[in-house]
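What follows is one structure encoded as structure tokens, with my remarks underneath.
The values are calculated or read from the model by the stated rules, or taken from the named source; none is laboratory data. Everything quoted here is computed from the prediction, not taken from an experiment. Here the Cβ positions follow ideal geometry from the backbone for every residue, glycine too, while neighbour counts run over all protein chains shown. Heavy atoms of the whole protein, side chains included, go into the accessibility calculation; ligands, DNA and RNA do not. Shrake-Rupley method; radii C 1.70, N 1.55, O 1.52, S 1.80 Å.
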Amino acid sequence: MKKLIFIIFSIISYEINALSADSLKKLVVINQTQFSFGSSHLNKKIFNKLYFGGKLNDNDKGKINSINQLQRSGLELDLNVGSQFYINEKIWYVNFQNIITTAGQYEQGLFDLFFRGNSELNQEISLTKTAFHLRNHHLFHFGKFHKFGRVGITLGSINQEYNIRFGENNYVDLTDPYQWNIMSSPDIFFIENTSDFLQKNGNSLGFDLEISNSNYEKALQYNLAIYNLGAILLHNNLKKISYDTNFTYSGLSLNQILNTDSSDNWLNDFKPKIDSVNRLIITPFQISASINYQKHNFNYYTGVFYRYNSQYLPKVYLGMNYTIKNKLILGGVLSYGGYTKLQIGIDSEIQFQKFKAKLIIQNFTNFIPPMNRSFGVFLNLSYCLI
Amino acid sequence: MKKKYLFFLLVFILLGCNKRDHKVSWNGHYILPISIDTINAAKILGVDHLTLSNDETHCIYNNNFEFLQLEQSDLLPNLNFNWRDTLEIPSLIHGIAFPPGFEIPISYNENEVFNLGDVQIKEINFNSLKLKYTIKSNINGQLYLILKIPTAQDNLGIEFTDTIQIPSSNGVLQTFEGSIYLDNYLFDLSKNNSSFNNISTSIRFGFSSNNTQNILFNNEDFLSINLNLEELDINSVYGYLGNKKISDTSEFEILATENFSSSSITIEDPELNVIIENGVGVDAQIKINEVLFKKDQASFSLQHPIIGQTINLSRAVEVAGQYQYGNAEINFTNQNSNLKEIISLFPEKIDLKYELETNPLGNHSAFNDFYKSPHSISINSDLKIPLKFNLNHFKYSDTISFNIIENIQPNHAIIGIKIENEFPINCCLSVKFLNGDSLLIDSNCIASASVDSSGLLIQSNLSNMEIHLDSATTNYLINEKKFIFEMIFNSADNSLNFPVLDFQNLYYKIDLELNTEIEIN
């Protein structure tokens, strides 16, 4: 996995170096990459093994928690390449973003059911809050800086969007070894990528708004931002799986399938069907707020970040760093949320003339085996070409 | 510098192409429901329910089955009403120019007598029928044809009349077909009580007013009509319905025994009633030549004085709107037959060989036979077996199928069986694979329930059993996805027949506890 991350960073960094600036007077090229995966209960090794293969042992499956404890696991890869440039003394920005996320929110019992078995399950598993998603969106942001911050528009191509969300009072009750009771009415829809580079099965339109006091002379700074708040229209080849079933399973010969038209064709309900009706959904917008306080060479900061419809727990963070000779910044950050729980990270930044690199290792304790439930890295590279 | 950078990048990409070279797998401990079922006497005998005896002390297996139900086509001959009229055009009108709308003042009357074998019909009443006509004409001009059947009347007593339009044939012989659908028509085939099987028609024709010019006949002109009665839905027939002889064998499945077998079984007196009903207004005779019970490849003949003897069946009568069948009933019991010995073997099928003859004395009723739909001649049977048994090694087996996901590597498994016995008989279990290999069950028997002297349940018996399977056996089971579940019943007391009651059940639940490795790609 680390090799993969390195490769991704290397490719993107190389592309930045290859950008040309044409005739602009001032041009800053920015590359920002964030990669993280984490889980509220799983060991990092399980992600490695699920990707590269291997046998999951008991340690990989995490601690045995209460069956009804809500857990999260997810992965996000956010690649950005963009620039800020001057036109008529106004600062504009463009940014190409490829955001790939996949995550799930589920009760511990559901995980245990699959990976440990149902022999120890002694109560029903609620599916009410269970949801999963997988998405791959290409987003193009452009806009203008103002005194209060910046405003822009985001156009999106939806390469992939998979969503599974179970309904109210859905559950799986496997406590009786001779008879299972299942009630399930999920909303499952998805679109897949097309071979056409431009024409996709879904498109989105959103706006970006950032409010900040950008005067770096001030000791206290703040930033409020919302990115890509808008709507996605899934207009082609939208597939959905629709069923509303409540049944008792007591072996192959005695299925009692209720709420279906015919027991002969009830399995058809579980097959994806093309939905001819377009679907409009809210974009997985991102919202953040942060405050910085700077005194002497110390910088204290705190903030919150949230991504909509991504099984994401709002992440709060608190950090501090120290500037060494105006070139190197080193510090630490505590965060809680996202797809994991408490993380202790390292915050660093280095600046050489026109080049600036910021690196945050989001979970430093990842390198300590008993605590390596997640891994995350944030890398921001900016280069002032002119 | 750039080249070095690219080189290292390439090396890292190649090293990074760490393809998944082995599957993702994990160990789990899963319990799967396999089957839940309730066994009772009705299920064992393959029926929906059992009836309670009059004294309510035991249930009765009661199976009604129909050996014979004669169809309309068995009782009546093939009624082929097909006739043809050629409308000869008189030579004296040759050369005369007839204007449009003119009707030739000639009626072509026909009486057609149909050959129906020895059946002589006076009257036939149709619920519905189709009158199909085929007209051949070479006349140059449009015609119309008025068809009347004076002896066919609808339910208002109006005789059948219809007009058929015939397009111009332009001098070339052409065929025109069509159909007229009739409902509730009565055909008097007696020609005013002077004949039988007779249908009269009257046909006239004229020139359509659609013609634009006068029409001339010549000696080449030809016009004929073929009439056929089809799709006959007969309501009733009166007359003499003839002498018919039917000889046949009817087979009927009486017990679904594929799931059970027994070393010996003692039952109380069964009864078999054969009821012969004559719903047709004809005299009849029936002879039951043989009643044969079959089990597997063996046959057992039922002995009774009536076997091979002729039974006279009186005709059905209709008096003051009341329809009365002519009936005969034969009762086979332990006193007059060997039925008990045969039923104790639980035969699967019964064959009845019979001969039936209608009007054995000919037209004895002087044309007063009748057939009225849907009344017919039938043979029905009613088999009653009182369910008071004494069993020895009575084996009931069921094949249990289940589904388990593929790509698992089971370490071991346990088949769990939870069983509750409400029968006043002992039960032992056996689990086998389809190849006959048995699986070892510790303490595989469950004692009979406690019942009072009437067979009413006092206390059922409960038992939990386990079958431990090693990895190889578990793999075999999962590949087969089936096993045979056998219950072997033995009476607790060999001297008494225990009464079977509707509410006596044996409940079982089976699960499969799997300790397995699961693999996914």
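Numerical summary
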read-out	value
Verdict on residue B:212 being among the β-branched types (Val, Ile, Thr) and either surrounded by fewer than 18 Cβ atoms within 10 Å (Cβ to Cβ) or over 27 Å from residue B:318 (Cα atoms) (or both)	yes
Test: residue in segment B:484-496 that is within 13 Å of another protein chain (Cβ to nearest Cβ) and among the acidic types (Asp, Glu)	no
Members of segment A:306-332 found to be hydrophobic (A, V, I, L, M, F, W, C) and over 29 Å from residue A:354 (Cβ atoms), listed by number	A:313, A:316, A:318
Residues of segment A:43-69 classified as open to solvent by 50 Å² or more (accessible area, probe 1.4 Å) and either within 11 Å of chain B (Cβ to nearest Cβ) or within 18 Å of the chain's Cα centre (by Cα) (or both), total	5
Number of positions in segment B:240-281 that are more than 25 Å from residue B:360 (Cβ to Cβ) and either within 20 Å of the chain's Cα centre (by Cα) or hydroxyl-bearing (Ser, Thr, Tyr) (or both)	12
Test for residue B:49: is it surrounded by fewer than 16 Cβ atoms within 10 Å (Cβ to Cβ) and within 8 Å of chain A (Cβ to nearest Cβ)	no
Checklist (1) more than 30 Å from residue B:318 (Cα to Cα); (2) in a loop (DSSP other than H, G, I, E, B) applied to residue B:193, failing item	(1)
Complete set of residues in segment A:155-177 that are within 14 Å of chain B (Cβ to nearest Cβ) and either closer than 17 Å to residue A:279 by Cβ or surrounded by 19 or more Cβ atoms within 10 Å (Cβ to Cβ) (or both)	A:172, A:174, A:177
Residue list for segment A:104-119, restricted to those being closer than 27 Å to residue A:228 by Cα and either open to solvent by 10 Å² or more (accessible area, probe 1.4 Å) or more than 27 Å from the chain's Cα centre (by Cα) (or both)	A:105, A:106
Where residue B:42 falls short, out of the listed (1) away from chain A (no Cβ under 14 Å); (2) in a helix (DSSP H, G or I); (3) modelled with pLDDT of 85 or more; (4) open to solvent by 60 Å² or more (accessible area, probe 1.4 Å)	(4)
Qualifying residue in segment B:350-362 (condition: without any contact (Cβ under 8 Å) to a residue 24 or more places away in the chain, part of a loop (DSSP other than H, G, I, E, B), open to solvent by 40 Å² or more (accessible area, probe 1.4 Å) and over 30 Å from residue B:395 (Cβ atoms))	no
Qualifying residue in segment A:89-101 (condition: open to solvent by less than 40 Å² (accessible area, probe 1.4 Å), touching a Lys or Arg at 6+ places or on another chain (Cβ under 9 Å) and within 14 Å of another protein chain (Cβ to nearest Cβ))	no
Qualifying residue in segment B:131-148 (condition: within 34 Å of the chain's Cα centre (by Cα) and on the phi < 0 side of the Ramachandran plot)	yes
Hey, residue A:250 of a type in the set (Ser, Thr, Tyr) and modelled with pLDDT of 85 or more or not	no
Leading residue by the ranking (most open to solvent (accessible area, probe 1.4 Å)) among those in segment A:120-134 that are touching a strand residue (DSSP E or B) at 6+ places or on another chain (Cβ under 7 Å) and assigned to a loop (DSSP other than H, G, I, E, B)	A:129
Residue within segment A:295-309 that is of a type in the set (Val, Ile, Thr) and farther than 30 Å from residue A:237 by Cβ present	yes
Residue in segment B:215-231 that is in a strand (DSSP E or B), under 23 Å from residue B:373 (Cβ atoms) and open to solvent by 40 Å² or more (accessible area, probe 1.4 Å) present	yes
All strands (runs of 3 or more DSSP E) inside segment B:368-442 with 1 or more residues being closer than 30 Å to residue B:53 by Cβ and away from chain A (no Cβ under 14 Å)	B:377-386, B:388-401, B:408-421, B:425-432
Residues of segment A:145-154 satisfying the condition of being open to solvent by 10 Å² or more (accessible area, probe 1.4 Å) and modelled with pLDDT of 95 or more	A:151, A:153
Count of residues meeting criterion [β-branched (Val, Ile, Thr), open to solvent by less than 20 Å² (accessible area, probe 1.4 Å) and either in contact with a Phe, Trp or Tyr (Cβ under 7 Å, 6 or more places away or on another chain) or in a loop (DSSP other than H, G, I, E, B) (or both)] in segment B:311-349	1
Any hit, segment A:353-367, residues being of a type in the set (Ser, Thr, Tyr) and either more than 24 Å from residue A:102 (Cα to Cα) or touching a residue at least 60 places away in the same chain (Cβ under 8 Å) (or both)	no
Number of the exception - residue A:29 against (1) open to solvent by 20 Å² or more (accessible area, probe 1.4 Å); (2) over 24 Å from the mean Cα position of the chain (by Cα)	(1)
Filter result for residue A:83 (away from chain B (no Cβ under 14 Å) and farther than 30 Å from residue A:385 by Cα)	no
Within segment A:195-240, tally of residues that are assigned to a loop (DSSP other than H, G, I, E, B) and open to solvent by 40 Å² or more (accessible area, probe 1.4 Å)	14
Count - residues of segment A:257-314 that are at pLDDT below 80 and of a type in the set (S, T, N, Q)	7
For residue B:25: the one exception among (1) more than 10 Å from chain A (Cβ to nearest Cβ); (2) at pLDDT 90 or above	(1)
Residue within segment B:111-130 that is basic (Lys, Arg), surrounded by fewer than 17 Cβ atoms within 10 Å (Cβ to Cβ) and modelled with pLDDT of 90 or more present	yes
Filtered residue count, segment B:89-105, keeping only those that are part of a loop (DSSP other than H, G, I, E, B), out of contact with any Asp or Glu (no Cβ under 6 Å at 6 or more places or on another chain) and surrounded by 12 or more Cβ atoms within 10 Å (Cβ to Cβ)	4
Unique match (being among the aliphatic types (A, V, I, L, M) and either more than 24 Å from residue B:304 (Cα to Cα) or outside the structural domain of residue B:250 (by TED's automatic domain parsing) (or both)) among B:328, B:320	B:320
